[in-house]
Amino acid sequence: MPSSRHAVLLVALLLTPACGEPPNSIRTYSVAYTIDHDAFVTFDSVKYLDANGVMQRVLNPTDSWGLAMSKETGEEVEAHAWGGATQGGQDATLRVTWTISGVSSEGDSSFTTTTAPGAFTLSIPRRTLP
(Lines give C-alpha, C1' and ligand atoms only; values in the text may rest on other atoms or scores of the structure.)
Protein backbone atom coordinates (compact mmCIF):
# COMPACT_ATOMS: atom_id res chain seq x y z
CA MET A 1 0.00 0.00 0.00
CA PRO A 2 1.59 3.32 -1.02
CA SER A 3 2.24 5.95 1.62
CA SER A 4 0.41 9.27 1.45
CA ARG A 5 3.68 10.86 0.28
CA HIS A 6 3.83 8.46 -2.68
CA ALA A 7 0.15 9.04 -3.42
CA VAL A 8 0.69 12.83 -3.60
CA LEU A 9 3.69 12.32 -5.90
CA LEU A 10 1.67 9.98 -8.14
CA VAL A 11 -1.20 12.51 -8.40
CA ALA A 12 1.28 15.30 -9.21
CA LEU A 13 2.84 13.19 -11.98
CA LEU A 14 -0.56 12.35 -13.45
CA LEU A 15 -1.59 16.02 -13.54
CA THR A 16 1.68 17.27 -15.06
CA PRO A 17 1.51 17.71 -18.86
CA ALA A 18 3.82 15.61 -21.01
CA CYS A 19 7.04 17.18 -22.27
CA GLY A 20 6.43 19.47 -25.21
CA GLU A 21 2.69 19.60 -24.65
CA PRO A 22 1.54 23.24 -24.79
CA PRO A 23 -0.39 24.55 -21.81
CA ASN A 24 -4.10 25.16 -22.28
CA SER A 25 -4.45 28.92 -22.24
CA ILE A 26 -6.63 31.54 -23.82
CA ARG A 27 -4.73 33.81 -26.21
CA THR A 28 -5.92 37.25 -27.23
CA TYR A 29 -5.48 38.06 -30.92
CA SER A 30 -5.59 41.33 -32.78
CA VAL A 31 -7.76 40.46 -35.80
CA ALA A 32 -7.72 42.66 -38.91
CA TYR A 33 -9.99 42.45 -41.96
CA THR A 34 -8.86 44.37 -45.08
CA ILE A 35 -9.53 44.69 -48.79
CA ASP A 36 -6.95 45.69 -51.37
CA HIS A 37 -7.52 46.21 -55.08
CA ASP A 38 -6.33 47.78 -58.33
CA ALA A 39 -7.70 51.05 -59.70
CA PHE A 40 -10.48 49.62 -61.87
CA VAL A 41 -12.08 47.55 -59.08
CA THR A 42 -14.78 48.61 -56.62
CA PHE A 43 -16.56 46.70 -53.87
CA ASP A 44 -20.28 47.14 -53.27
CA SER A 45 -20.22 45.31 -49.92
CA VAL A 46 -18.11 43.38 -47.44
CA LYS A 47 -19.44 40.99 -44.81
CA TYR A 48 -17.33 39.96 -41.80
CA LEU A 49 -17.69 38.13 -38.48
CA ASP A 50 -17.48 40.77 -35.73
CA ALA A 51 -16.12 40.54 -32.16
CA ASN A 52 -19.52 39.27 -30.95
CA GLY A 53 -19.67 36.47 -33.53
CA VAL A 54 -22.31 38.26 -35.64
CA MET A 55 -21.98 38.76 -39.40
CA GLN A 56 -21.87 42.49 -40.22
CA ARG A 57 -22.30 44.04 -43.67
CA VAL A 58 -20.53 47.20 -44.83
CA LEU A 59 -22.08 48.78 -47.93
CA ASN A 60 -19.84 50.62 -50.40
CA PRO A 61 -16.61 50.21 -48.41
CA THR A 62 -13.93 52.82 -49.05
CA ASP A 63 -10.94 51.98 -51.25
CA SER A 64 -8.77 51.46 -48.17
CA TRP A 65 -11.41 49.69 -46.06
CA GLY A 66 -10.20 47.75 -43.07
CA LEU A 67 -10.98 47.25 -39.41
CA ALA A 68 -9.41 45.64 -36.37
CA MET A 69 -10.80 43.96 -33.26
CA SER A 70 -9.74 41.63 -30.46
CA LYS A 71 -10.74 37.97 -30.41
CA GLU A 72 -9.68 35.04 -28.25
CA THR A 73 -8.74 31.42 -28.74
CA GLY A 74 -11.79 29.45 -29.88
CA GLU A 75 -13.52 32.41 -31.49
CA GLU A 76 -14.03 32.49 -35.25
CA VAL A 77 -13.22 34.62 -38.29
CA GLU A 78 -15.02 34.74 -41.66
CA ALA A 79 -15.38 37.30 -44.45
CA HIS A 80 -16.92 37.80 -47.90
CA ALA A 81 -16.69 40.66 -50.40
CA TRP A 82 -18.66 41.43 -53.55
CA GLY A 83 -16.92 43.51 -56.17
CA GLY A 84 -16.76 44.43 -59.79
CA ALA A 85 -14.10 45.39 -62.30
CA THR A 86 -14.49 47.72 -65.27
CA GLN A 87 -11.68 45.95 -67.14
CA GLY A 88 -9.70 42.74 -67.11
CA GLY A 89 -6.30 42.20 -65.54
CA GLN A 90 -7.28 43.77 -62.20
CA ASP A 91 -6.23 42.29 -58.83
CA ALA A 92 -8.40 42.21 -55.71
CA THR A 93 -7.74 40.68 -52.29
CA LEU A 94 -9.80 40.14 -49.15
CA ARG A 95 -7.61 39.33 -46.16
CA VAL A 96 -7.99 38.47 -42.47
CA THR A 97 -4.98 38.27 -40.15
CA TRP A 98 -4.78 37.30 -36.50
CA THR A 99 -1.76 38.36 -34.47
CA ILE A 100 -0.46 37.78 -30.98
CA SER A 101 1.76 40.83 -30.44
CA GLY A 102 5.43 39.90 -30.43
CA VAL A 103 4.65 36.18 -30.79
CA SER A 104 3.04 35.22 -34.10
CA SER A 105 0.92 36.36 -36.99
CA GLU A 106 -1.20 34.18 -39.26
CA GLY A 107 -3.89 34.85 -41.79
CA ASP A 108 -6.07 33.77 -44.66
CA SER A 109 -6.97 35.53 -47.88
CA SER A 110 -9.05 35.31 -51.02
CA PHE A 111 -7.56 36.69 -54.26
CA THR A 112 -8.64 37.15 -57.86
CA THR A 113 -7.31 38.65 -61.06
CA THR A 114 -10.16 39.62 -63.34
CA THR A 115 -10.07 38.36 -66.90
CA ALA A 116 -12.76 40.74 -68.19
CA PRO A 117 -15.12 43.41 -66.86
CA GLY A 118 -17.70 41.99 -64.47
CA ALA A 119 -18.69 41.02 -60.96
CA PHE A 120 -16.81 38.68 -58.62
CA THR A 121 -16.98 37.39 -55.04
CA LEU A 122 -14.12 36.84 -52.60
CA SER A 123 -14.67 34.50 -49.63
CA ILE A 124 -12.76 33.44 -46.55
CA PRO A 125 -14.53 30.45 -44.99
CA ARG A 126 -15.24 30.39 -41.25
CA ARG A 127 -12.33 29.13 -39.17
CA THR A 128 -11.64 28.88 -35.46
CA LEU A 129 -8.67 30.72 -33.95
CA PRO A 130 -6.16 28.33 -32.35
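Just order 76-82, 38-44 by mean Cβ neighbour count inside 10 Å, highest at the front, would you?
Ranking the peptides 76-82, 38-44 by packing returns 76-82, 38-44.
In vacuum, with every alpha carbon of region 78-120 counted as one equal point scatterer, what does the Debye formula give for log10 I(q)/I(0) at q = 0.14, 0.22, 0.23 Å⁻¹? Two decimals, please.
Here the Debye-derived log intensity ratios amount to -0.43, -0.72, -0.76.
Below 8 Å, C-alpha to C-alpha, sequence gap of six or more: please give me the relative contact order for region 57-130 in percent. Intermediate results must be reported in sequence, preceding the final value.
Working: 118 pairs, mean separation 29.9, N = 74.
Value for region 57-130: 40 percent.
Just to verify a number: FRET efficiency for Ser109 and Ser25, C-beta to C-beta distance, R0 = 25 Å, to 0.05? Could the numbers behind the result be given before it?
Details: r = 27 Å, r/R0 = 1.10.
Efficiency, from the Cβ-Cβ distance: 0.35.
Using a 1.4 Å probe and ignoring any ligands, DNA or RNA, find the accessible area of Lys47 and quote it in Å² to the nearest 10.
The value for Lys47 is about 70 Å².
The values are calculated or read from the model by the stated rules, or taken from the named source; none is laboratory data. Owing to the predicted nature of the structure, the values given are computational and were not obtained by experimental measurement. Positions of Cβ are generated from backbone atoms using ideal geometry, with glycine treated the same way; all protein chains shown enter the neighbour counts. With ligands, DNA and RNA removed, areas are computed over all heavy atoms of the protein, side chains included. Shrake-Rupley method; radii C 1.70, N 1.55, O 1.52, S 1.80 Å.
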